[in-house]
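Engineer: Okay, handing you the structure first.
The values are calculated or read from the model by the stated rules, or taken from the named source; none is laboratory data. Computed from a predicted structure; not experimentally measured. Cβ atoms come from the backbone with ideal geometry, glycine included; neighbour counts cover every protein chain shown.
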Amino acid sequence: MQRAWRQLVKRKGAMVGLGLIAAFILLAVAAPLVAPYDPLKTSWTLVRKAPSAAHWFGTDDLGRDVLARVLYGARASLLAGAISVVIALSIGMIAGYRGGFVDALISRITDAMLACPFLILAIALAAFLGPSLGNAMIAIGISATPIFVRLTRGEVLNVKVEEYVEAARSVGDTDLQIAVRHILPNIMPALLVQATLSVAAAIIAEAALSFLGLGQQPPAPSWGSMLNAAQRFLTNAPWMAIWPGLAIFLVVLSLNLLGDGLRDALDPQQEQ
């Protein structure tokens, strides 16, 4: 980890991405403290007001403060991205470690899912499960499973035959203990790189589902639902779309920069 950190800090793009991601996470967690207004409070006297000293990002079609909604919307978008990747990663770990019938079943299902584009499959699953943020997370997680199953399964199959795994099994460690203590730490570098890139894709997918009305439901804010509301007012109130769109752009760009930096930093051949 020390070697990887030394390599990572040499890459300015990755550090910029890490800083922006940390800032977004901090703002999302501290949204109740830093948001200037209640994101759900409407005011008919403030409908579609341009950015000003009172409302830095302007107001939306119901007079709600756009800055407050962007800050609270970060919670839904970032949480959806992270939870979706955890779901996909967990399924991949099960497929690789259990083997046998479970591995064969998950592998065949994965092959079938690869025939469908990621976003189309996520939309179909979200429509089947029903519109909500939780169902959107499940839909995105299942749709992102194939790439994690392939990657995780291959890494687990290589690691679980190592001597230290056999030694842990011989002293009576359970399957869960072996997976968490011995296998997961040794496959983490490859998964960490893929996770950063997949979180970016999951955030875009959550925004798309919310835009279509299949994700976070109004009046609760999310960046995708904010874009959906803004599409009718692009000429008269462009700030309604600019700020949530810019937030999505910055988070996705930051995650991709960090993923590229981690891919190089975690490569042992990069050590000089």
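Engineer: Any idea how many residues of segment 185-198 are out of contact with any Ser or Thr (no Cβ under 9 Å at 6 or more places or on another chain), touching a residue at least 24 places away in the same chain (Cβ under 8 Å) and surrounded by fewer than 19 Cβ atoms within 10 Å (Cβ to Cβ)?
Structural biologist: Final tally of qualifying residues: 3.
Engineer: Further, regarding this structure: Within segment 161-176, how many residues are closer than 30 Å to Gly259 by Cβ and modelled with pLDDT of 80 or more?
Structural biologist: 3
Engineer: Which condition number in (1) buried (at least 22 other Cβ atoms within 10 Å of the Cβ); (2) among the β-branched types (Val, Ile, Thr); (3) not in a helix (DSSP H, G or I) is the one that Thr152 fails?
Structural biologist: All conditions pass for Thr152, except number (3).
Engineer: Scanning for something closer than 20 Å to Lys12 by Cβ and surrounded by 19 or more Cβ atoms within 10 Å (Cβ to Cβ), does segment 199-222 turn up at least one residue?
Structural biologist: Within segment 199-222, one or more residues are closer than 20 Å to Lys12 by Cβ and surrounded by 19 or more Cβ atoms within 10 Å (Cβ to Cβ).
Engineer: Another one. Just to check your reading of the model, which residue among Asn158, Asn135 is surrounded by fewer than 23 Cβ atoms within 10 Å (Cβ to Cβ), in a helix (DSSP H, G or I) and at pLDDT 85 or above?
Structural biologist: When all the criteria are applied, what remains is Asn135.
Engineer: In this structure, does Lys49 turn out to be out of contact with any Phe, Trp or Tyr (no Cβ under 8 Å at 6 or more places or on another chain), buried (at least 18 other Cβ atoms within 10 Å of the Cβ) and among the basic types (Lys, Arg)?
Structural biologist: Taking the combined requirement at face value, the residue satisfies it.
Engineer: I'd like to check something: does segment 168-181 contain any residue that is surrounded by fewer than 20 Cβ atoms within 10 Å (Cβ to Cβ) and touching an Asp or Glu at 6+ places or on another chain (Cβ under 9 Å)?
Structural biologist: Looking for residues that are surrounded by fewer than 20 Cβ atoms within 10 Å (Cβ to Cβ) and touching an Asp or Glu at 6+ places or on another chain (Cβ under 9 Å), one finds at least one in segment 168-181, hence yes.
Engineer: A further question on this structure: Right, Asp38: buried (at least 17 other Cβ atoms within 10 Å of the Cβ), over 22 Å from Gly259 (Cβ atoms), in contact (Cβ under 8 Å) with a residue 12 or more places away in the chain and among the acidic types (Asp, Glu) or not?
Structural biologist: Here the answer is no, as Asp38 does not meet what is asked.
Let's see how each residue does on (1) modelled with pLDDT under 90; (2) over 27 Å from Met137 (Cβ atoms):
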residue	(1), (2)
Met1	yes, yes
Gln7	yes, yes
Lys12	yes, yes
Ile21	no, no
Ala30	no, no
Ala50	no, yes
Thr59	no, yes
Ser77	yes, no
